[in-house]
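Written out below as structure tokens is the structure these notes cover.
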Amino acid sequence: MATTPPPEDDEQALFKEAVRGVRKLKQDTISPHRAPVKVKAQRHEVRKDNAEAHPFSDLYEPWLEQEGPTRYRQADTSAYELKKLRRGDYVPDLFLDLHGLTQEQAKEELSALLLAARRQHVKCVSIMHGHGKHILKQRLPMWLAQHPQVLAFHQATRAWGGNAALLVLLRVEL
């Protein structure tokens, strides 16, 4: 009497027949393309800049004194600091010229300036809005008063642009 092989042996034999002549693949050592570390760092900086960019609102209107030169100081900032700005004791390290820009472009440039100032640990900047139709001259103080880094600002002295510019005192974080 012939014994029939168990079904498992049949399946094994069929598998061996199917894979006859097949050889084992050699593992290749090609790794996927990875961006260099410098590129990753630059991308990270761009993402961080976009996240830190301050959205300035056109609806917010801080209380600013209407008489005299344009000036503002946060409640926790000394009035003496504002006086030093008025006298020109602070020398601006960075300058921004907004002549000829639209309001949206001016907001982007202002945000970029404040970000650069924070990175470079700059205490004072000068922003020139010009005369023109007084649109940027009216909007700029409203935008600056919204930013948490701005401690105070005052109309610039004649040497730094007079009534066509603002000197801005910034919070420096070390």
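The values are calculated or read from the model by the stated rules, or taken from the named source; none is laboratory data. Just so it is clear, the structure is predicted and the values come from calculations on it, not from any experiment. When we count neighbours, we look across all protein chains shown, and the Cβ atoms used for this are built from the backbone with ideal geometry, even at glycine. Just so you know, the surface numbers come from the protein's heavy atoms only, side chains and all, with ligands and any DNA or RNA stripped out. Shrake-Rupley method; radii C 1.70, N 1.55, O 1.52, S 1.80 Å.
Some observations on this one:
- Hey, Arg47 open to solvent by 100 Å² or more (accessible area, probe 1.4 Å), at pLDDT below 90, under 17 Å from Leu166 (Cα atoms) and part of a helix (DSSP H, G or I) or not: no
- Filter result (in contact with a strand residue (DSSP E or B) (Cβ under 6 Å, 6 or more places away or on another chain) and part of a loop (DSSP other than H, G, I, E, B)) within segment 68-77: Pro69, Thr70, Gln74, Thr77
- Restricting segment 146-170 to residues that are out of contact with any helix residue (DSSP H, G or I) (no Cβ under 7 Å at 6 or more places or on another chain) and of a type in the set (A, V, I, L, M), the residue that is surrounded by the fewest Cβ atoms within 10 Å (Cβ to Cβ): Ala159
- Qualifying residue in segment 26-34 (condition: open to solvent by 90 Å² or more (accessible area, probe 1.4 Å), part of a loop (DSSP other than H, G, I, E, B), more than 30 Å from Lys133 (Cβ to Cβ) and modelled with pLDDT of 85 or more): no
- Every condition in (1) exposed (fewer than 12 other Cβ atoms within 10 Å of the Cβ); (2) more than 15 Å from Leu166 (Cβ to Cβ) holds for Val91 except the one numbered (2).
- Residue, surrounded by the most Cβ atoms within 10 Å (Cβ to Cβ), within segment 112-132, restricted to residues that are among the charged types (D, E, K, R) and more than 18 Å from Phe56 (Cα to Cα): Lys123
- Being within 14 Å of Tyr72 (Cα to Cα) and not aliphatic (A, V, I, L, M) is a property that Trp160 lacks.
- Against the test of being within 22 Å of the chain's Cα centre (by Cα), without any contact (Cβ under 8 Å) to a residue 40 or more places away in the chain and surrounded by fewer than 19 Cβ atoms within 10 Å (Cβ to Cβ), the options Glu173, Glu109 yield a single qualifying residue, Glu109.
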